[in-house]
1. Once all Cα-Cα distances of the stretch 424-489 are split into 10 Å bins that start at 0, what whole-number percent is in each one?
2. For the Cα atoms of the chain, what angle does the longest principal axis make with the long axis of helix 354-363, in degrees from 0 to 90, nearest 10?
3. Hey, how much of the P(r) for the chain falls beyond 45 Å, as a percent of Cα pairs?
4. Could you tell me, in Å, what Rg and Dmax come out for the Cα atoms of the stretch 489-615?
5. Calculate one ³J(HN,Hα) per residue across the stretch 210-222 by plugging θ = phi - 60° into the Karplus curve 6.51 cos²θ - 1.76 cosθ + 1.60, and present them in order as whole Hz with x for glycine and proline.
6. Taking H as built 1.01 Å from N, whose amide H comes closer than 5 Å to the amide H of F3, not counting residues under 5 places away?
7. Where does the chain land at 222 nm, in deg cm²/dmol rounded to the nearest 500, when only DSSP H runs of n ≥ 4 count, each adding -39500 (n - 2.57), divided by all residues?
8. Taking the full set of protein chains and a 1.4 angstrom probe, give the accessible area of R512 in square angstrom, rounded to the nearest 10.
Amino acid sequence: MKFITFEKLIDKINEDLADFKSEFAYKRKELADLKKAPNRNVFFKYTNSDRDWAINEGGGTEIQYHLFYRNNTIGYGLGFNAQYVPFANDMSPVAYIKPFVSAYLNLLKQKNPTIIKLKNDGFSFIEGEEKDLNSIQHDDYYLFGKEIIIDSSNNISDNDYNQMIDYLKNDIYKLYVDIWEEKIKATKTNENMVNAMNLLTANHNLILTGAPGTGKTYLAKQIAKSMGCTDNEIGFVQFHPSYDYTDFVEGLRPLQDDSGNVGFERKDGVFKEFCKKALKNFLDSKKDPAILSQQSTMKEKYECLISEIENGKINEIPLRSKNSKMLIDRISDYRNIILKAPDSISTRTYTVSLKRILKLSEKYPDKESLEKITNISTEIRNAIGGCNASAYWGVLNKIYEQTESVENTNQDEICEKKYVFIIDEINRGEISKIFGELFFSIDPCYRGIDGKVRTQYANMQKEEANDFDDALGITDPENYGHFFVPENVYIIGTMNDIDRSVESMDFAFRRRFAFKEITAEESKHMLDSGDAWGKDKMPKPDFVQKIKDKMDAINKVIFDDEKKVGIEGLSSAYHIGASYFLKLANYRNESGEYVNKSFTDLWDNHLDGLLREYLRGMQNVDEKMEKLKAAYDNESDSNN
């Protein structure tokens, strides 16, 4: 075939795609959710003869069919374009194309058969490199395609040309549709995530509810990560009937001393410890960076003193009064310095904590200012609350005297972070027994100091103000022991609608949480996620589709949402979610492959028992089980 001009070539290609143009136009209308199909008389739009490229009609902000001519070479394929697009200014070019890039990369991870076939046929990234695709920047252009060489006589091989037309109508088209559908699926999943995230942000407390196996716990963790939380800012606990206040908030725990004697001490529970981390971040985010830098330096100096004590270099702390001192008893598990009076038969000890040393050092930042104190008892207690003022004066003075100089480095401003605490199966615990007086504090209207309460073990905290007391400015030891849920703490609970324990959830609990249902249909996206399956465990796309078909078939028998019919007594709350089907990863053959027996093992070991539990107490259980098993085994028939 003779090559005359690029424009003539485009006309020829459009002519040879005559039977394909309408199919493509209507499919694009469906995929892009357009009100009407674009121009069906042209495939590659070319109105500027100065250009050496053309894209499919209407494809400006999407993945594009792309055709170019340069240096006696014709290139064609699918392009990812982050260049300026006229009249499409709602988002940046990168924002427009990024979802399509992500969709292609997801398909690549899933070992999409069309991508594999095209690569085997010689397709590659002829513009840009695939490894850089994930970091696409403004004005970048990537083209997954193939090239045709125009010979010295300006001829294009008929075989090359016909092959190009075939690819444009078949394999390239299939990949185009696959990328669009993956993008749509990811968009829906992201919308679900964003909706849940917005609910949580607005209400501070959220319950994810729905059928078993719909990935509620997985979604909760994804929501937390989408809010910018690292592992350190995500808490997790699973409620159960034996779980109580001492596990969650605080309680007494056994403690054995060096002599082997066993006693009890108050310990913070998992939620209170989590809230302490969140409170520190919340308060630090409001501080001047200079103060944070000074505190950071003081922490290092305090640790230097601790090291000297632990190495036996220091065993006493001189006090302000002449020839007066305290002996060092030990360093506690919390890195507090425990002091005692010398030559005394009294067993009383005095605790010096880093927290109060930091607070005192803000008021007296050097040895000179510390020595100017005229009334230690009054001034130090006014600065840091009820304590043994002489002990604190002595330790801070020792820090200024003994420790090596630590360079005071500048510290950047600390940003407020979100902390997300996930309570799995929240309905399985006895809420009043676990939360106690905190049931008031977790109310979204009472986040922060407005929701302060004194905990059940407050009378055991007279020796030391806790972080929450400090934040409240409480200095009276008789009033120590406060707690509140910081403003930057968010709680996500998960529960199954059909659990019998749901019936015990009272209205006071429900009033404090927003609820979002996660359906089995919405959980399907997990089956397309390599992260959900685990490393190197994701099945091939055709097997994933088979899983989805079986899932749809069995759920339609349980309850068909469209026809509103199903097994009497059951509803969509009894649908089986995708998490159950992820268990197929445990039933691969010795080569790590998914086979039909994997489905048999899943039924025998998981689904059969679950469904019989659903049907317990009903009539004709065996007959209903046969119907469910038939749908599971013959999913294609059940979906017709």
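1. 21, 45, 28, 6
2. Between helix and principal axis, roughly 80 degrees.
3. When all Cα pairs of the chain are counted, 44 percent exceed 45 Å.
4. Both quantities, over Cα of the stretch 489-615: 16.7, 53 Å.
5. 3J(HN,Hα) across the stretch 210-222, in whole Hz: x, 5, x, x, 8, x, 5, 5, 4, 5, 4, 5, 5.
6. Result for F3 returns N155, I156.
7. Working: 25 runs with 264 residues, N = 640.
Computed ellipticity for the chain at 222 nm equals -12500 deg cm²/dmol.
8. Estimated to the nearest 10 Å², R512 gives 30 Å².
The values are calculated or read from the model by the stated rules, or taken from the named source; none is laboratory data. Nothing here was measured: the structure is a model prediction, and the numbers come from that model. Cβ atoms come from the backbone with ideal geometry, glycine included; neighbour counts cover every protein chain shown. The area values use the complete protein model at the heavy-atom level, side chains included, leaving out ligands, DNA and RNA. Shrake-Rupley method; radii C 1.70, N 1.55, O 1.52, S 1.80 Å.
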